[in-house]
1. Among the residues of the range 1-17, write down those that are under 26 Å from residue 104 (Cβ atoms), surrounded by fewer than 16 Cβ atoms within 10 Å (Cβ to Cβ) and not acidic (Asp, Glu).
2. Can you tell me which residue among 110, 63, 68 is open to solvent by 50 Å² or more (accessible area, probe 1.4 Å), within 21 Å of residue 194 (Cα to Cα) and not polar (S, T, N, Q)?
3. Which condition number in (1) surrounded by 12 or more Cβ atoms within 10 Å (Cβ to Cβ); (2) under 30 Å from residue 158 (Cβ atoms); (3) of a type in the set (A, V, I, L, M) is the one that residue 125 fails?
4. So which residues in the range 82-138 are within 24 Å of the chain's Cα centre (by Cα), hydroxyl-bearing (Ser, Thr, Tyr) and farther than 30 Å from residue 14 by Cα?
5. What pairs come out if I take residues in the range 132-143 that are over 15 Å from residue 109 (Cα atoms) and pair them with residues that are assigned to a strand (DSSP E or B) and modelled with pLDDT under 85 whose C-beta lies under 6 Å away, six or more apart or interchain?
6. Determine whether residue 117 is open to solvent by less than 80 Å² (accessible area, probe 1.4 Å) and of a type in the set (Asp, Glu).
7. Based on this model, can you work out whether residue 84 counts as of a type in the set (Ser, Thr, Tyr) and modelled with pLDDT under 90?
8. What are the pairs with Cβ atoms under 9 angstrom where one residue, in the range 1-16, is closer than 15 Å to residue 84 by Cβ and the other, located anywhere, is acidic (Asp, Glu) and surrounded by fewer than 13 Cβ atoms within 10 Å (Cβ to Cβ)? Sequence gap at least six, or different chains.
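The values are calculated or read from the model by the stated rules, or taken from the named source; none is laboratory data. Owing to the predicted nature of the structure, the values given are computational and were not obtained by experimental measurement. Positions of Cβ are generated from backbone atoms using ideal geometry, with glycine treated the same way; all protein chains shown enter the neighbour counts. Quick note on the areas: whole protein, heavy atoms, side chains included, nothing else; ligands and nucleic acids left out. Shrake-Rupley method; radii C 1.70, N 1.55, O 1.52, S 1.80 Å.
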Amino acid sequence: MTHVTVTSSEAMDLFLDLAKLRLFAPFMSGPITVAEVARMTDVSPSALNYWVKRALAWGLLERVGEDRPARYRAVATRFRMDPTSVMPFEDMLDRRDHSAWERMLRGFAREYRRVADDWTFHVYLNNGDLLHRDLVPAWAMDASPAAMPTLPLNEWGVMRLSRAQAQALKEQLEQTITTFFAESSDDPHDEKYLFHVALVRDAPPTS
């Protein structure tokens, strides 16, 4: 079977929630044990077992053979679903992105706290037109740029582009991510990095 259509709203949540999906994804590559997936995803086997049992009940996983420990695999390599048939479109977007945003915010907070506990917020124009919103540790308010600590990348902004420029930027961003993903480290001692890259036409608030 090449694809399965998912109709249960609970099962859909497994695919919409990135934190849950990353636990399921290894089973899509072929038969694997719970212990192996737990090591890959840095979660406890007991926590992973909870989701394996639910995925089995939803018909998303199947046991392969009678070996011990048990090996499981996804019942398909492609899953299709229509979340907007059971929830508003905005709710679907929130369920898709909420856990990932929370995880990213926790990562930012951890990295900033490693540098300082006391931070100042600076808003200013650079060269008269580029708006900056910078978090600066209190101890570095009067420090030279060279003394500033290295912080995670977290840039937000609005720029005016032609359709062709926007398409070129989109393709360049996608290619950069693809290149580094292909070259990602296999060393278990290296840190994992969470990334989010987006480019979309601006939609100002309506009120």
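1. If the condition is that a residue be under 26 Å from residue 104 (Cβ atoms), surrounded by fewer than 16 Cβ atoms within 10 Å (Cβ to Cβ) and not acidic (Asp, Glu), then 9 is the only one that fits.
2. When all the criteria are applied, what remains is 110.
3. (1)
4. 112
5. Within 6 Å, the pairs are 132/126.
6. Working: open to solvent by less than 80 Å² (accessible area, probe 1.4 Å): no; of a type in the set (Asp, Glu): yes.
No, not satisfied.
7. Answer is no for this residue.
8. As it stands, the answer is 5/82; 6/82; 7/82; 12/82, since those pairs meet every condition given.
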